[in-house]
1. Filter the helices (runs of 4 or more DSSP H) completely within segment B:209-274 down to those with at least 3 residues that are in contact with a helix residue (DSSP H, G or I) (Cβ under 7 Å, 6 or more places away or on another chain) and more than 30 Å from residue B:349 (Cβ to Cβ).
2. Just give me the residues in segment B:269-295 being crowded, with 23+ Cβ neighbours inside 10 Å and over 16 Å from residue B:306 (Cα atoms), in sequence order.
3. Please enumerate the residues belonging to segment B:58-100 that are in contact with a strand residue (DSSP E or B) (Cβ under 8 Å, 6 or more places away or on another chain) and assigned to a helix (DSSP H, G or I).
4. I need the full set of residues from segment A:47-69 which are out of contact with any strand residue (DSSP E or B) (no Cβ under 9 Å at 6 or more places or on another chain) and either modelled with pLDDT of 90 or more or surrounded by 16 or more Cβ atoms within 10 Å (Cβ to Cβ) (or both), in order please.
5. Can you tell me how many residues in segment A:146-166 are without any contact (Cβ under 8 Å) to a residue 24 or more places away in the chain and in a loop (DSSP other than H, G, I, E, B)?
6. Assess whether residue B:416 counts as being in a helix (DSSP H, G or I), more than 10 Å from chain A (Cβ to nearest Cβ), at pLDDT 90 or above and under 18 Å from residue B:221 (Cα atoms).
7. Go through segment A:253-304 residue by residue and tally those that are more than 8 Å from chain B (Cβ to nearest Cβ), within 16 Å of residue A:43 (Cα to Cα) and free of Cβ contacts under 8 Å to residues at least 12 places away in the same chain.
8. Within segment B:378-392, track down each residue that is at pLDDT below 85 and in contact with a strand residue (DSSP E or B) (Cβ under 8 Å, 6 or more places away or on another chain).
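The values are calculated or read from the model by the stated rules, or taken from the named source; none is laboratory data. Note that this is a predicted model, so its numbers are computed, not measured. Backbone-built Cβ (ideal geometry, glycine too); neighbour counts: all protein chains shown.
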């Protein structure tokens, strides 16, 4: 590229901004910025500020320092289980559901018989909202009337799949994974279709086994898809809410941070200060992932 | 969905930091000359919706000034969850709500209109009802409309078949449960998936063991939850656990009531409308109840748990800025405080009973008549646990605590200490 070209473009570029262009630009840039400030950063910062108050949504806003956090960490029995469940959610989706989705994608991509059928069946739950998945889970796992106990025919001593706090989180994770797997599978299928066939052929000529071809050749080319899947998994793990809320309002072994925020802020309770403190904890956890992701991305860009 | 509902939804969605202020700033312009009264209704179920509709129509018909009621029905649960923001934005003039502490809480926050002058003309309400309609400042804020007592429900035919007698004392209650187990019945139907149904059992155990005054003070945060009294309540409850349906936390109250209807279970602690709704029409007559048995003779069966629903006037009601608007709302409340208004309602909803002494009970079912007897013989009327205490305490502390107790009834000490610690922070928050 010659040295004169950018300069010329720049000059022409500057001249092209008429007053009308500036107005259009201002509006197009201004609206997103306003939205960003008022709908995202405003409330976020307000939540952080409110988490240091005892506001109940009605009276005056009273400053209480870090009391909310102290209560949260030491006196709120649901808090630590909720943190644990959120982490379990992340781990289960990341280590079980996602690899399983990848496995299914690879198998289907190989072109097993009836692959279209499997593909559509596995993808079906993805079009359902998690709340609906929650209702379906209840039809299957309900203690007295659920399908699973009917199949197991243990009428005298039925397993309380959703009522037993040691069991229900796993059942709900299964239901959530049922949906997540299909999602991941579709993403990987798209990625696998884009992998250059000649790479695989070259690997085969070099005498690589199917397994070697996959792990050494195909998988590394899936990097962009991997990142998308990872981000989606983290998002799904952190925003998990609807399914447990549909099952039992997120109580009795199904506590999640998002549910605790809702219980305290949205409900009649209106412990807005306290609920905000929980929301801030969730924010900090999410920021951890967001920052890690951004650092990775920026570093990747530099290397590219 | 109306515009206001949409805005309210947005307010909740956005974390509701600034929107309530914005909403109330919008205002609704000048009043409408006292011709219409806006009514905020949480009666979203078909039966009560129709019944309230009939009552309001009766009001419009007898109104000499051609006043009408504009009903704004909101889903029952959403109404409850958004009540705070509702009352702070531009609420309807008159709205449906609950008696007791749940009403006093909002009166104290200055969100309700004092209606003591309306009360001055009321006749036919007992002292207990007046207490439940009175705020902490001694003024009245609430017009009671109907109530539904809680008791131990069972099927007549099952009791007849096995020759069971309604137990008077707790020992007889446990003995009856034992006998039912021998007869291959699960003695107590039990479902607590929604978190609140088991509160009725807790309240009755507490009032039978410690009395109504203790219940009231405990709910007001003035008694210790980790004291001897509350521990005894949970210990007594634990005695009933082996006879209760297992897996209560995974079962809805509807499913529990259905098991009673199917004769799989023998008894259940419920409010009047609950089992009734799960019984087919031709089996309604088979439903019966007895009052929760005596535990401590000192308190006998004095207290009856009977939540009261009724009407209140919102301080920021959209038409209440003018004298005419206020007069219209008062006029409606006056009408709703009459026996006739309650009768109109109950014609369409037989699952509750009137609060007015002069209400005509001749159309009542035998079960309703028995419920009237139960309530009128009561020395004290309690509201449900969640209506007798701060909403933030009942929903964020008591629901999880009782759920935990049902799942693991053995760690009472840990449980009551947990409750007490949280109670202290919540009740200290203002």
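1. B:228-240
2. Within segment B:269-295, B:295 is the sole residue that qualifies.
3. Passing the criteria: B:59, B:60, B:79, B:83, B:86, B:87.
4. Selection gives A:47, A:48, A:49, A:50, A:51, A:55, A:56, A:57, A:58, A:67, A:69.
5. Residues meeting the conditions: 10.
6. Answer is yes for this residue.
7. 2
8. none
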